[in-house]
Amino acid sequence: MITIDEITIIRDGREIIYDYSEQIPAGSITVIVGPNGSGKSTLLAAIAGDIAPDKGTITIDDHHPILTSARTLAGIRAMSVQNQSFVLGFTVREIVEMGGKSSEVLEALELSELADRLVTTLSGGEAQRVAIAQAIAQGTPVLLLDEPLASQDIHSRRKIIELLQQRAESGTTVVVVAHSSETELTWADKVINQFH
């Protein structure tokens, strides 16, 4: 379980998140919804341990992400950011294998036929699916995804959602950031809508 306890995050003198508390249940899909600039991605980065709250605490089970070593954290949570840009000349398969075993997740996200293509040649939606595949391949107990559906067509969205549901059913805690235009959220176990 992820516990967010009265956190405040200030960036450039502006309170992005103020005195916010939330429980994110384990083995489920929680979607954080809100417009651009409302603090959703900031919250996700704080859960990941990439930024420290100015006040309050975040724990993933017994770990404080910000106080946890990078190596330990890598075994606890995987993260896929929005607009992932790949600059090196790796293939799709190589990028996913940096996370872990690739064949199952490549197939689930329909990336198998792109497996030997260089990531630098992919469309925005394809690159996003590769970033999601890499995060899922890590097999961590917590999966953090920033707007994974943003550049996807209906078919790809369905594939991503199905895969996230399978992960949650097998015990993974999935946290997804979505834009407030995302109205079809029946696939989420919990929707957090304080960010508006």
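The values are calculated or read from the model by the stated rules, or taken from the named source; none is laboratory data. Predicted, not measured: the structure shown is a model, and the values here were computed from it. No Cβ is skipped: glycine too gets one built from the backbone with ideal geometry, and neighbour counts run over all protein chains shown.
Could you tell me which numbered condition residue 32 fails, if it satisfies all but one of (1) outside any helix (DSSP H, G or I); (2) over 22 Å from residue 184 (Cα atoms)?
(2)
Out of 91, 140, which single residue is over 16 Å from the mean Cα position of the chain (by Cα) and among the hydroxyl-bearing types (Ser, Thr, Tyr)?
From the options 91, 140, the qualifying one is 91.
Here are some residues: 80, 41. Which one is buried (at least 17 other Cβ atoms within 10 Å of the Cβ) and under 15 Å from residue 138 (Cβ atoms)?
Exactly one of 80, 41 is buried (at least 17 other Cβ atoms within 10 Å of the Cβ) and under 15 Å from residue 138 (Cβ atoms), namely 80.
Regarding the stretch 108-128, can at least one residue be identified that is farther than 23 Å from residue 179 by Cα, out of contact with any Ser or Thr (no Cβ under 6 Å at 6 or more places or on another chain), touching a residue at least 24 places away in the same chain (Cβ under 8 Å) and small (Gly, Ala, Ser)?
yes
If a residue must be free of Cβ contacts under 8 Å to residues at least 24 places away in the same chain and more than 20 Å from residue 35 (Cβ to Cβ), how many such residues does the stretch 1-20 contain?
So the answer is 1.
Just the residues that are in a loop (DSSP other than H, G, I, E, B) and among the small types (Gly, Ala, Ser), please, taken from the stretch 127-183.
Across the stretch 127-183, the qualifying residues are 139, 150, 151, 170, 171, 180, 181.
Restricting to the stretch 21-33, give me the number of residues that are surrounded by 20 or more Cβ atoms within 10 Å (Cβ to Cβ) and farther than 17 Å from residue 168 by Cβ.
1
Take residue 41 and decide whether it is out of contact with any Ser or Thr (no Cβ under 6 Å at 6 or more places or on another chain), in a loop (DSSP other than H, G, I, E, B), in contact (Cβ under 8 Å) with a residue 12 or more places away in the chain and at negative phi.
Spelling it out, it is not the case that residue 41 is out of contact with any Ser or Thr (no Cβ under 6 Å at 6 or more places or on another chain), in a loop (DSSP other than H, G, I, E, B), in contact (Cβ under 8 Å) with a residue 12 or more places away in the chain and at negative phi.
Quick one: which residue in 92, 96, 87, 33 is in contact with a Lys or Arg (Cβ under 8 Å, 6 or more places away or on another chain) and either of a type in the set (Asp, Glu) or free of Cβ contacts under 8 Å to residues at least 60 places away in the same chain (or both)?
Within the list 92, 96, 87, 33, the selection yields 92.
Please determine, by comparing only the residues of the stretch 168-196 that are in contact with a strand residue (DSSP E or B) (Cβ under 6 Å, 6 or more places away or on another chain) and surrounded by fewer than 19 Cβ atoms within 10 Å (Cβ to Cβ), which one is farthest from residue 37 (Cα to Cα).
Across the stretch 168-196, the extreme among qualifying residues is 189.
Just name the residue that is surrounded by the most Cβ atoms within 10 Å (Cβ to Cβ) out of those in the stretch 47-67 that are under 17 Å from the mean Cα position of the chain (by Cα) and assigned to a strand (DSSP E or B).
So, considering only residues that are under 17 Å from the mean Cα position of the chain (by Cα) and assigned to a strand (DSSP E or B), the one surrounded by the most Cβ atoms within 10 Å (Cβ to Cβ) is 60.
Name, by its number, the condition in (1) modelled with pLDDT of 95 or more; (2) at positive phi that does not hold for residue 147.
(1)
Please state which one of 133, 115, 137, 127 is among the hydrophobic types (A, V, I, L, M, F, W, C) and closer than 23 Å to residue 185 by Cβ.
After ruling out the rest, the residue left standing is 133.
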